[in-house]
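Visitor: Take a look at the following structure, please.
Every number in this text was worked out from the coordinates using simple rules, so none of it is lab data. As the structure is a prediction and not an experimental result, all values here were calculated from the model. Reconstructed Cβ throughout: ideal geometry from the backbone, glycine too, with neighbour counts over all protein chains shown.
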Amino acid sequence: MSISSKLRPWALMAGIATTALASVPALAQDTLTRIASSGELRLGHREKSLPFSYKDASGKVQGYTVDICLQIFEEIKKELKRPDLRVTYLLVDGKNRITDVKNNMVDLECGGTSNTAARQKDISFSHHIFVASSAFLVRKNSGIKTLDDLQGKRIAVQGKTTNENLLRANERTFTRKFNYVLVESTLDAVNALAKGDADAAFADDAGIWIPLTRLGKSMDEFQFLDKRLSVEPYSIGLRKDDPKFKELVDRVTRRMIQNGEMTALYKKWFSSEQGMLPLSMFMKEALRRPSDMGVEQIAF
């Protein structure tokens, strides 16, 4: 047997080993390494999620959450010592935003996304940056102060939504009776209240505030009842199992909460000529105690 023949089994084994190694998936890069390598931060944004994340008439991406993500971008540039880094904006929607983070399509999901325990199984989240709550809007001169005052009153709510379900659950639990004015949108609910066709409008507080300002109505004429029927904290999404990037994101959001920058952004994005969306007790708590806890929807 020739020397070359004797080597063939070993060569065959080496070939098998090489092939096996080649078939092993490459370890995923951590986010900061990927950003340094590509020179870009991929920022996932929404198209019409005002005032959190949207495109304006000129096509510019902006919003409350986008501003926070751009602060994170500035921290990344400092961390990597790369002032030349750029932002690439990628559109995400309600259906794909979580999977786009999980599948490494975007680095940050900068919209208005609820931080839930179920979603934390797939991705990580920043500290809470906003807390939405299902709220009742009434006229200040209506004399309505509590949910008991709404007994028998007309409540405008979008039909076939979680908010309608919350109202009906509250009726069953507390043996109340509301008169429903079912409408097609939150804008319609606010309009019904403004025109006197309803005694209260019920929807997410931020969702109420935007159409109220678009109708040109002053917040001086209306108020939210203190009682809320659900609470959902919003956070910025990022990939799981990337502690270095998570630490950087938390560093920025914690600093913004503690030094007042988050409050300043809230005033910037939730104010208009008609007034400012009042800080709920839940939002005040989020600005006092930074937390990234994923929650089940809290209903009252």
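Visitor: Could you check the simple spin-label distance between Arg176 and Lys77, using points 7 Å along Cα→Cβ, in nm with one decimal?
Guide: Result for the modelled spin labels: 4.9 nm.
Visitor: If you bin the C-alpha pair distances of the range 215-281 every 5 Å from 0, what whole percents do you get?
Guide: Reading the bins upward from 0: 3, 12, 16, 18, 17, 14, 9, 5, 3, 1.
Visitor: Loop only per DSSP, at most 14 neighbouring Cβ atoms within 10 Å: give me the GluC sites (Glu not before Pro) in the range 155-224, ordered by residue number. Don't skip to the end; give the middle numbers.
Guide: Values: sites: Glu164, Glu171, Glu184, Glu221; in loops: Glu184.
Answer in residue order: Glu184.
Visitor: Something else about it: How would you rank Asp149, Asp199, going from fewest to most other Cβ atoms within 10 Å of each one's own Cβ? If you can, show how the numbers build up before the last one.
Guide: Details: Asp149 16, Asp199 23.
Sorted ascending by nearby Cβ count, the order is Asp149, Asp199.
Visitor: Based on the Cβ-Cβ distance from Lys240 to Lys160, what FRET efficiency comes out when R0 is 41 Å, to the nearest 0.05?
Guide: For Lys240 and Lys160, the calculated efficiency is 0.75.
Visitor: Write down Rg/Rh for the range 134-231, rounded to two decimals, with Rg from the C-alpha atoms and Rh from the Kirkwood relation over Cα pairs.
Guide: 0.92
Visitor: Report, in deg cm²/dmol and to the nearest 500, the calculated mean residue ellipticity at 222 nm for the chain, where each DSSP H run with n ≥ 4 adds -39500 (n - 2.57) and the sum is divided by the residue count.
Guide: -12000 deg cm²/dmol
Visitor: Assuming R0 = 30 Å, what is the FRET efficiency of Thr116 and Leu91, from their Cβ-Cβ distance, to the nearest 0.05?
Guide: Once rounded, the FRET efficiency stands at 0.85.
Visitor: Continuing with this model, one more query. Cα-based Rg (one decimal) and Dmax (whole number) for the range 261-300, in Å?
Guide: Looking at the range 261-300, its Cα Rg and Dmax stand at 12.5, 35 Å.
Visitor: Need the list of aspartates and glutamates near Lys240 for cross-linking: C-alpha distance under 18 angstrom, and skip anything on the same chain fewer than eight residues off.
Guide: Asp30, Asp100, Asp107, Glu109, Asp122, Asp250, Asp292
Visitor: Another question, if that's okay. Checking the table Lys95/Lys153; Lys195/Lys267; Lys78/Lys217; Lys145/Lys284; Lys77/Lys284; Lys78/Lys227 against a 32 Å threshold on Cα-Cα, which pairs fail? Walk me through the intermediate numbers first.
Guide: Numbers: Lys95/Lys153 36 Å; Lys195/Lys267 28 Å; Lys78/Lys217 44 Å; Lys145/Lys284 21 Å; Lys77/Lys284 30 Å; Lys78/Lys227 43 Å.
Cα-Cα > 32 Å for Lys95/Lys153; Lys78/Lys217; Lys78/Lys227; rest within.
Visitor: List the residues whose amide H sits under 5 Å from the amide H of Phe52, counting only those 5 or more places along or on another chain, with H placed 1.01 Å from N in the peptide plane.
Guide: Tyr64
Visitor: Note the angle between two axes, namely the Cα long axis of helix 243-258 and the longest principal axis of the Cα atoms of the chain, as a number of degrees from 0 to 90, rounded to the nearest 10.
Guide: The angle comes out near 30 degrees.
Visitor: So, R0 is 22 Å and r is the distance between the beta-carbons of Ala57 and Glu261; what FRET efficiency does that work out to, to 0.05?
Guide: That pair, Ala57 with Glu261, gives E of 0.20.
Visitor: Which of the trypsin sites (Lys or Arg not before Pro) found in the range 60-95 are in a DSSP loop and have at most 12 neighbouring Cβ atoms, other than their own, within 10 Å?
Guide: Lys60, Lys81, Lys95
Visitor: Normalise the Cα radius of gyration of the chain by 2.2 N^0.38 Å (N = residues in it) and let me know the number.
Guide: Expressed relative to 2.2 N^0.38 Å, the Cα Rg reads 1.30.
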